[in-house]
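In what follows, a single structure is set out as structure tokens and then discussed.
The values are calculated or read from the model by the stated rules, or taken from the named source; none is laboratory data. Keep in mind the model is a prediction, meaning the values are calculated, not measured. Neighbour counts run over all protein chains shown; Cβ positions are idealised from the backbone, glycine included. For the accessible areas, the whole protein counts, side chains as well, though only heavy atoms, and no ligand, DNA or RNA atoms are used. Shrake-Rupley method; radii C 1.70, N 1.55, O 1.52, S 1.80 Å.
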Amino acid sequence: MYRSRRAVAVGLVAAVLAVAGCRNDAPETQEGSEGVKFDVGVTKEPCPAAVDKTKGCIYLGSISDLTEGPFKALGVPITESQKAFWKRVNTAGGIGGYEVDVTKYTKDNKYNPQIHNEVYSEIKPDVLGLAQTLGSPTTAAILADLKASNMIGVPASWTSAWAFEDVILESGTNYCFESMNSVDFAAETLQAKSVAAVHFPGDYGDDAAAGTKIAAEGNGMKFTDIPTAPGQENQGAAIQKLVAAKPDLVILSTGPTEAATIVGGSAQAGFKGQFIGTSPTWNPALLKSPAAPALTALYRQSGPWAPYGTDTPGHKALAESLDQAMFKAAPNDGYTAGWVWSYPMKAALQKAVDSKDLTRAGLLAAVKSLETVDYEGMLPAEAGRFNGEPSERVFRQSIISKVDPTAPTGVKVEKDFFTGKTAAKHEFSRPCYQ
């Protein structure tokens, strides 16, 4: 389903590029404060909600799942968290002679690649880059145009394909290495001898399934592949296959609603294997669902970083910023993700301003030169390396958390940052799902 949508969306992008190539619409370069040159998405005029009205404005777009897609429970807090992140940056003095706006050009993709492409086209003429582009298949639908436009995008996803794209500014390990680490953890800690990957089709689920299969082979484990379509009502067949296969371990790569349905339904059918869900599967609201007892008994959560409420300077700054915001934020690791993803963009913008080149090409050059990023302890600084070959710079560490109803987001770290034996030796020469 996702691959066909992606093909349509990428085709639309190609058509747009072909038309654009017939016009002479190269952006005009201007010079702002302190001799910084810029072209698109930067103004000498202040941001709409400027802290300091003497500063110019850098506009970043956000395209997220905000209303009816399978990841809206994550998309909304991701978007709010990024607003809080940049408000903190602006309050602290901004980026040189500029502040950053991530509010004016926020769009809903409904987790649909075609809609994602359409709303991207609407905001493209007005933004320097994308503070958020949620989803793997949705971001793939605009990737050709991002590259043609030298436009940086911060992905709200972790597919292994992003390590091969200069215009994508990712943080944390990808689904493939995350799943490898989870399988290695289960083989060692849970003595698992067999594993199934239950997953959405497309770049997200297929990437996690590929990592699961690689680690299964490395550990001599039987592997079962169970793709499943999004939607709570579509999980019956997956549950039947899972119960019939009886694996010791399940790597689950769906949305939160589907995860609750699969774990709860499998447990009800007598399944006793353990689940480890990749990053987007969890939402603390699941502990208020009928599946809560099954999740507590059978489920763990893998992740690229520690959950909300962890004791790092970055986690503390996040909590303080949300407390000061106009909304009352219930803990959710969408907030954690949105906050972490913003650090590399901040570092790249600062480097571009220091180089006096805030054009799209200048920002891309700044990204390519990053060797470390200060994540304020939420990730190691070396996770922010964006130069060198993909296999050299890709971050391979992940975290395993257990369900804990007393924790802010219902999960608490069981095993801190680690690299399993499979991820450590994997030769990363192409996206895992290809």
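Worth a mention:
- Counted residues, the range 107-123 - those being open to solvent by 40 Å² or more (accessible area, probe 1.4 Å) and free of Cβ contacts under 8 Å to residues at least 60 places away in the same chain: 5
- Any hit, the range 186-193, residues being modelled with pLDDT of 95 or more, more than 25 Å from Thr419 (Cβ to Cβ) and surrounded by fewer than 22 Cβ atoms within 10 Å (Cβ to Cβ): no
- In the set (1) closer than 23 Å to Lys346 by Cβ; (2) buried (at least 24 other Cβ atoms within 10 Å of the Cβ); (3) more than 17 Å from the chain's Cα centre (by Cα), Asn150 fails one condition alone, (2).
- The set of residues from the range 70-88 being of a type in the set (Val, Ile, Thr) and surrounded by 20 or more Cβ atoms within 10 Å (Cβ to Cβ) comprises Ile78, Thr79.
- Residue check for Gly69: small (Gly, Ala, Ser), modelled with pLDDT of 95 or more and in contact with a helix residue (DSSP H, G or I) (Cβ under 8 Å, 6 or more places away or on another chain): no
Residue by residue, here is whether (1) open to solvent by 40 Å² or more (accessible area, probe 1.4 Å); (2) over 30 Å from Glu68 (Cα atoms); (3) among the polar types (S, T, N, Q) holds:
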site	(1), (2), (3)
Ala215	no, yes, no
Met221	no, yes, no
Ile226	no, no, no
Ala229	yes, no, no
Asn234	yes, no, yes
Ala237	yes, no, no
Ala244	yes, yes, no
Pro247	no, yes, no
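- Meets criteria (open to solvent by 40 Å² or more (accessible area, probe 1.4 Å) and out of contact with any Ser or Thr (no Cβ under 6 Å at 6 or more places or on another chain)) for Leu287: yes
- Criterion: surrounded by fewer than 18 Cβ atoms within 10 Å (Cβ to Cβ) and either among the aliphatic types (A, V, I, L, M) or at pLDDT 95 or above (or both) - qualifying residue of Ala337, Ala325: Ala325
- Pairing each residue of the range 420-434 that is farther than 16 Å from Thr159 by Cβ with any residue that is of a type in the set (Val, Ile, Thr) and open to solvent by 10 Å² or more (accessible area, probe 1.4 Å), provided the two are 6+ apart or on different chains, yields C-beta distances under 9 Å for Thr422/Ile214.
The rows are residues; the columns are (1) open to solvent by 10 Å² or more (accessible area, probe 1.4 Å); (2) over 16 Å from Leu358 (Cα atoms).
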residue	(1), (2)
Glu99	no, no
Tyr105	yes, yes
Leu130	no, no
Gly135	no, yes
Leu146	no, yes
Trp158	yes, yes
Phe164	yes, yes
Val167	no, no
Ser171	no, yes
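- The set of residues in the range 266-284 that are at pLDDT 95 or above, open to solvent by 10 Å² or more (accessible area, probe 1.4 Å) and out of contact with any Lys or Arg (no Cβ under 9 Å at 6 or more places or on another chain) comprises Ala267, Gln268, Ala269, Gly270.
- Filter result for Asp145 (out of contact with any strand residue (DSSP E or B) (no Cβ under 9 Å at 6 or more places or on another chain), farther than 29 Å from Tyr299 by Cα and touching a residue at least 12 places away in the same chain (Cβ under 8 Å)): yes
- Given (1) modelled with pLDDT under 95; (2) under 30 Å from the mean Cα position of the chain (by Cα); (3) open to solvent by 50 Å² or more (accessible area, probe 1.4 Å); (4) more than 28 Å from Asn112 (Cβ to Cβ), index of the condition Val51 fails: (1)
- Residue, farthest from Lys124 (Cα to Cα), within the range 63-83, restricted to residues that are in a helix (DSSP H, G or I) and among the small types (Gly, Ala, Ser): Ala73
- Checking Trp86 against (1) modelled with pLDDT of 95 or more; (2) touching an Asp or Glu at 6+ places or on another chain (Cβ under 9 Å); (3) outside any helix (DSSP H, G or I), the condition it does not meet: (3)
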